[in-house]
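So the structure is just underneath, and the comments pick up after that.
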Amino acid sequence: MQTPFYVSGFLYNPKTNQILLVQSRSETDQSLWSTMEEEDVEGEEAVVIFKRIINKLLNLDLKPKDIYPVYDYLHNTRNKFNYVFYAEVKNIKRFNHLKNGNLTWFTFNEALKLPLTSQIKRDIVVGERVINAKKRDIEAKKLFNSLTS
């Protein structure tokens with residue numbers, strides 16, 4: 001039997017270098033920004049769950065080739081594994097309100113200035129590093145191909 005885990009992540013637009021985050025309002029009226037997530041899931045692949053989260057929240061059907069893993073870790077407070085993903089979207093849609101919050105696009109620098117939990121901040125920082133590494137890898141391949149052709 002698989003241990004319950006949770007899945008989180010964000011959308012990323014490479015044209016604007018922005019990520020989509022969720023602002024939720026709690027009963028204490030504190031507004032915190034977060035990635036999109038679903039908790040207490042088991043029996044499915046984490047990437048399938050991330051795809052479903054995005055579809056459920058945004059009515060957006062992601063293609064598997066546009067979803068990338070960021071990293072996974074054991075969340076100390078929740079005592080569960082978290083699998084973090086991002087998905088590249090090239091056309092920014094206007095996403096407005098959720099039932100209990102808002103959705104807004106931010107650059108990475110803007111996002112890190114928002115009220116975030118320390119873990120969400122870490123997820124965003126690691127996500128940016130993964131995205132930047134992917135960009136460097138693509139540029140290196142282009143340079144290599146131009147030198148060898």
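Go through region 67-76 residue by residue and turn each phi into a ³J(HN,Hα) via Karplus (6.51, -1.76, 1.60, θ = phi - 60°); whole Hz please, and just put x for glycine and proline.
9, 10, x, 9, 5, 9, 7, 8, 6, 4
Can you give the % of DSSP beta bridges in the chain that are antiparallel, to the nearest 5?
Working: 28 of 35 bridges.
Antiparallel: roughly 80 percent of the beta bridges in the chain.
Over the Cα atoms of the chain, what is the Rg over Rh ratio if Rh follows Kirkwood? Working shown, then result.
Numbers: Rg = 16.3 Å, Rh = 16.3 Å.
Expressed as Rg/Rh, it is 1.00.
Give me the distance between the Cα centres of region 32-84 and region 97-149, rounded to whole Å.
Cα centroid of region 32-84 versus Cα centroid of region 97-149: 16 Å apart.
Note the full-extension length gain between residue 137 and residue 113 as 0.36 nm times their separation in residues minus their Cα-Cα distance, in nm to one decimal. Numbers along the way, then the final one.
Working: separation 24, 0.36 × 24 = 8.64 nm, distance 2.81 nm.
Here the segment from residue 137 to residue 113 would lengthen by 5.8 nm.
Would you grab the residues whose amide H sits under 5 Å from the one on residue 11? Only those 5+ places off in sequence or on another chain, please, with H modelled 1.01 Å from N.
Amide H neighbours of residue 11, under 5 Å, 5+ apart: 20, 87.
Throughout, read-outs are computed from the coordinates displayed, never taken from laboratory work. What you see is a predicted model, and the numbers here were worked out from it, not measured in a lab.
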